[in-house]
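Colleague: Please read through the structure below; I'll follow up with questions.
Throughout, read-outs are computed from the coordinates displayed, never taken from laboratory work. Everything quoted here is computed from the prediction, not taken from an experiment. Positions of Cβ are backbone-derived with ideal geometry, glycine not excepted, and every protein chain shown enters the neighbour counts.
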Amino acid sequence: MMIKIENLYRTFHHDDNEVPVLKNINLNIKEGECIVLKGVSGSGKTTLLSLIAGLDKPSSGKVLIDGEPISKLPDLFASELRAKKIGMIFQHFNLFEHLTVHENVTIPLIPSGLKMKEIQKKVDRALSLAHISHKKEIQAGRLSGGEQQRTAIARALVADPDIILCDEPTANLDRDNSLLFIESIKELNRLGKTIVIATHDPLFEHLDFKSTIIPMADGKIVSSYDDE
Amino acid sequence: MIKPFVSFVLVLILMVFVMGSHYLLFPHKKTTESMLNITSLTHISSLSLSLSYDESSFNRTYPEMPTLGKMDFLYER
Amino acid sequence: MNANAFWHFLTLQLVKERSKHLSVILISMMIVFLLSSVLFISSSIRYSLEETLKVQPDFVVSRTLGGTAIPTPMAWGDELLEIYGVSQVTPRVYGRYFFEPKGKSFLLVGVDFMEEQSHKNLQALIETTDIKAFFEGKQMFVGQGVKEYLNAHFYKGSYNFLTPKGQFENVKFFKTLPSQTNLISNDMIILPLDLARKILGYDEEEVTDILFNVPNTDEWDMMTDKLSALHYDLHVVNKKEVQRSYANLYNYKGGVFLILFLILLATFSLILYQRYSMVYSSERRHIGLLRALGWSINAVLRYKFTETIVVVSVSYILGVLLAYFYVFVLGAPILREIFLGGKNLHNIVGFLPVLDFSVLSSIFLIYALPFIASVLIPVWKVSVTDPKEAML
Ligand SMILES: Nc1ncnc2c1ncn2[C@@H]1O[C@H](COP(=O)(O)OP(=O)(O)O)[C@@H](O)[C@H]1O
Ligand SMILES: [Mg+2]
C-alpha cells in the first residue's frame, strides 16, 4: 500500500465551536493508482490532501506513507519524507513569480544536500518531462496559466517522488490547458507515479486511462470503490 | 552564490579595504606629535571650539572647563 | 544541506527580491551611519584630548577677585618653587582677543621663544622655519581658522591689534600653524610673550595663570591646602578635577547618545514592525510553500536567518563605511558644527581617524539583535505552525 488512511478525523476549532471537516476517512491507495477525489467546494478535499502531505495534523486517526506515519513523525523526518516521496501541485500554481521557470524548479532540491550540478541535471529532466524546457529562462510571473501549471508539474517532479498530489489543478486553466494537464497526468501515471487529484472539474470524470473516482461530501467518502 | 551577488560582495570588500588602507596609511603619529608639540609650546590643551566666547560666563570652579550653563551640549565651551 | 546550493538560492532570492530588501537596508544603513558618525567624531576628539591631557600640568593657579580671574603676579611662581615637591613651574599668558566688528574672537597665546623647549617644539611644528627671521620685527603664528577669517576681512599680511591703552600694534603673519593641530590651534594666535602682554593688557610682572607639576600624586590633596593658605585670592585647580570634569562630560555625552539611540531604535523597530506586518501574509505563504515543497522547519529557519544576517551585515558595513568617509575623509560637514560649534571661526578641523572596535561591535550588537529578533520571531512562529496555508 502506498498511502493508507485509517479512521482519519480532522476537526477545526472556531472560538468555542467545533467544526468537523473530515469524519472517519478510510482509504487505501496502491502504488501506481490514479485517484480522483471529487466533491463540491468545502467537502474537505484540500484538508485531506494536506493531511496526506503531512502539512496538517489529524485530530485522530493516521496517514501512512509507505508504512510510515507521516502525521506522527517529527518535522525533520516528515519533511524528508515529503521531499523524497511527495510532489505537490496547487490550484494557484504557487510559483515564486520573480524567479525564472528553471529557478523555481530547483527549490525542492535546495535542502537535499545535492551539488548544484546534480540539481541542474534533475531540473533539466523535470523540465523536459513537463514540456516547459523552452521557457526555462522566463520569469514565472510572465508565463500563461498553462505554462505556470507545467512549471508547477516540473517542480513536483524534480525530486522524482512516487506520489503526486494535485489540489484543483485545473481550476485556473482554460479547457485546452486542462486537457493538456490531463495528458501530463496520464504520462506521469504511465511512469508509475501514484496520483491523487482533488477536484470538482467534470473533465476528470471520464479519463481515458485507469483511474478511480472517490466522491466526497461533507467530510466523508460517500461510497468508495477501493475496498477489496 | 550567484554572480551579481559575488560582485556586490567584492565591491563591499574593496570599499572596506580602501577604508582600511586610509586608516593604516593615515599619519597618526605625525598628527599626534604635532598636537603634542603645540600643547607643549603653548601649554594650552583645550579644544579650539568655535563658539562665541563670552567672558562673563567663566567657569569659576574649573577655569579650564566650560561653564555649567554651557555644558548643555558636548564639548561646548 | 549543501552549502553551495543553499547559497546559490539565498543570493538568487536576495538579488531578485532586492526591491523588497532595499528600503530596510537603506533605513538601517542610515541609522548605523548616524550612530557611527557621532561615535567616530566623539572617539576621535576624545582620543586627541586624552593624548594632549597627558602633557597637561598637574596644577593651575590663578588670582581671582570676586570670582573673576584677574592677572596673576609672577612672584607667585617663585613662591611655588619654594614648596617642596613642586616642579616645572610655568607661567602662561593668554586670553581672548575680540575682532570687534563681528564679535568673533581669537585665542592669543604668548610664548617665551627664548626657552630651549619652545625652540624645539616650534622647529618640530614648522619644519622649514628659519626661526631667526621670526624675531625680526613683530610677527605671529596663526591658526588656520584665524588666517582664513582675517584673509576674508582683507588682512593679508598683518593685523592691527588694539591694546587696552588705545595703541595699535601691527603684527605680521609669519606662518600658519599646521592643519593637523586645528583641533587645538584653529582659533589660536601665537606671539612673543611681551607682545602678548601688551595686547592683552598685562604688566611686565603679570601672567594669566601659573602651571606646575607635583610628581607625587599622594601630595596633591595636601598641596591644595598649602596653596590656598598662601594667598586668600589664589584659585587652584588640579588635573584630577579637570579629568573628572571631562569624564563627566563624556558620561553626559553617553547619556545624550543613549537617548538619541533609543529614539532611533524606536523608529527603526516601528518601521520594521510595519514592514513585517505588511508582508506578513506573503511571508506566511512563502514559508508554507517552502514547507510544502519539502523544506524542513530547520531549513526554512536557516534560510531566513542567513538572509537576515546578510541584510543586517550589508547595511551595517555600508553604514560604517559611509560614516568613515563622511567623518574622516570629508571632515563631517554639518555634524562637525554640532560638535565643535560654528559660531566663532569657521572650523577646519580634520578628525584623526580612530576606530574603536569595542564601539563598533557594540553598535553592531545593539542594532543587529533587535533587527534579527524582529524578523526571526514571526518567521519562527509561522514555520512551526502547520503550513496548510500554502494549499489555499
Ligand atoms: N484552518 C481552518 N480552520 C477552520 N475551518 C477550516 C480550516 N480549513 C478548512 N476549513 C473548513 O473545512 C472545510 C473543508 O475545507 P477544504 O478542505 O478546503 O474543502 P475543499 O478543498 O473540498 O473545498 C470548509 O468548510 C472550510 O471552511
Ligand atoms: Mg480546496
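Colleague: Dipole of chain C (Lys/Arg Cβ +1, Asp/Glu Cβ -1, origin at the Cα centre): which of C:371, C:164, C:179 lies farthest to the positive side?
Modeller: Going by the Cα projections, it comes out as C:371.
Colleague: First measure r as the distance between the Cβ atoms of residue C:75 and residue C:225, then evaluate 1/(1 + (r/R0)^6) with R0 = 22 Å and state the FRET efficiency to the nearest 0.05. Let's see the in-between values first.
Modeller: Working: r = 21 Å, r/R0 = 0.95.
Taking R0 as 22 Å, the efficiency between residue C:75 and residue C:225 is 0.60.
Colleague: Within 10 Å, Cβ to Cβ, of residue C:178, how many net charges do the neighbouring residues add up to if Lys/Arg are +1 and Asp/Glu are -1? Let's see the in-between values first.
Modeller: Numbers: positive: B:30, C:175; negative: C:127.
Around residue C:178, the surrounding residues sum to +1.
Colleague: Given a Förster distance of 45 Å, report the FRET efficiency between residue C:325 and residue A:16 from their Cβ-Cβ distance, rounded to the nearest 0.05. Can you show the working numbers first?
Modeller: Working: r = 62 Å, r/R0 = 1.37.
Plugging the Cβ-Cβ distance into 1/(1 + (r/R0)^6) gives 0.15.
Colleague: More than 45 Å apart: what percent of Cα pairs in the protein assembly as shown qualify?
Modeller: Distances greater than 45 Å cover 47 percent of the Cα pairs.
Colleague: Charges at C-beta only: +1 for Lys and Arg, -1 for Asp and Glu. How large is the resulting dipole of chain C about its Cα centre, in Debye rounded to 20? Don't jump to the answer; show the numbers that get you there.
Modeller: On the way: 35 positive and 35 negative charges, 541 e Å.
So the dipole magnitude of chain C works out to roughly 2600 debye.
Colleague: May I pose another question? Per-residue mean of other chain beta-carbon atoms within 10 angstrom of the beta-carbon, peptide A:93-105?
Modeller: 3
Colleague: Another question, then. Run the simple label-point estimate for residue C:30 and residue C:243 please: 7 Å along Cα→C-beta, distance reported in nm.
Modeller: Modelled inter-label distance: 4.2 nm.
Colleague: In debye, nearest 20, what is the charge dipole magnitude of the protein assembly as shown about its Cα centre with +1 on Lys and Arg Cβ and -1 on Asp and Glu Cβ, if you could check? If you can, show how the numbers build up before the last one.
Modeller: Details: 69 positive and 73 negative charges, 415 e Å.
Computed charge dipole of the protein assembly as shown: roughly 2000 debye.
Colleague: Counting only other chains, what is the mean number of Cβ atoms within 10 angstrom of the Cβ of each residue in peptide C:11-21?
Modeller: Details: counts 8, 11, 6, 5, 7, 9, 3, 4, 1, 1, 0.
If you average over the peptide's residues, the count of other-chain Cβ atoms is 5.
Colleague: Using the basic label-point model (7 angstrom from Cα toward the beta carbon), what is the residue A:191 to residue C:98 distance in nanometres?
Modeller: Here the modelled spin labels are 9.2 nm apart.
Colleague: Rg and Dmax of the range A:3-221, Cα atoms, in Å?
Modeller: In order Rg, Dmax, the Cα atoms of the range A:3-221 give 17.2, 53 Å.
Colleague: Follow-up. What is the distance in Å between the Cα centroid of the range A:160-228 and that of the range C:69-98?
Modeller: 102 Å
Colleague: Would you work out the relative contact order for chain A, in percent, from Cα pairs under 8 angstrom that are 6 or more residues apart? Could the numbers behind the result be given before it?
Modeller: On the way: 442 pairs, mean separation 67.1, N = 228.
It comes to 29 percent, rounded to a whole number.
Colleague: When you count, for each residue, the other Cβ atoms within 10 Å and take the mean per peptide, how do C:214-222, A:140-148 rank with the highest first? Present the calculation step by step, with values, prior to reporting the outcome.
Modeller: On the way: C:214-222: 13.2, A:140-148: 17.3.
The densest-packed peptide leads the list: A:140-148, C:214-222.
Colleague: A further question on this structure: Inside 10 Å of the C-beta atoms of C:286-292, what's the mean count of C-beta atoms belonging to other chains?
Modeller: On the way: counts 2, 0, 2, 6, 6, 7, 11.
Mean partner-chain Cβ count within 10 Å for C:286-292: 5.
Colleague: Out of all DSSP beta bridges with both ends in the protein assembly as shown, state the antiparallel percent to the nearest 5. Provide the component values of the computation, followed by the final result.
Modeller: On the way: 50 of 77 bridges.
Around 65 percent antiparallel, to the nearest 5.
Colleague: OK, next. Give the relative contact order (percent, whole number) for the range A:31-158; include only Cα pairs under 8 Å separated by 6+ residues. The partial results should precede the final answer.
Modeller: On the way: 128 pairs, mean separation 31.2, N = 128.
It comes to 24 percent, rounded to a whole number.
Colleague: Please list 3J(HN,Hα) in residue order for the range C:85-90, calculated via the Karplus relation 6.51 cos²θ - 1.76 cosθ + 1.60 where θ = phi - 60°; whole Hz, with x for glycine and proline.
Modeller: Each residue's phi maps through the Karplus curve to give x, 8, 9, 6, 6, 10 Hz.
Colleague: Treat each spin label as a single point 7 Å out from the Cα along the C-beta direction, and report the residue A:222 to residue C:372 distance in nm.
Modeller: According to this spin-label approximation, the distance is 5.6 nm.
Colleague: Next question, about the same structure. With unit charges on the beta carbons (Lys and Arg positive, Asp and Glu negative) and the dipole taken about the Cα centre of chain C, which residue among C:75, C:34, C:349 sits farthest to the positive side?
Modeller: Result: C:34.
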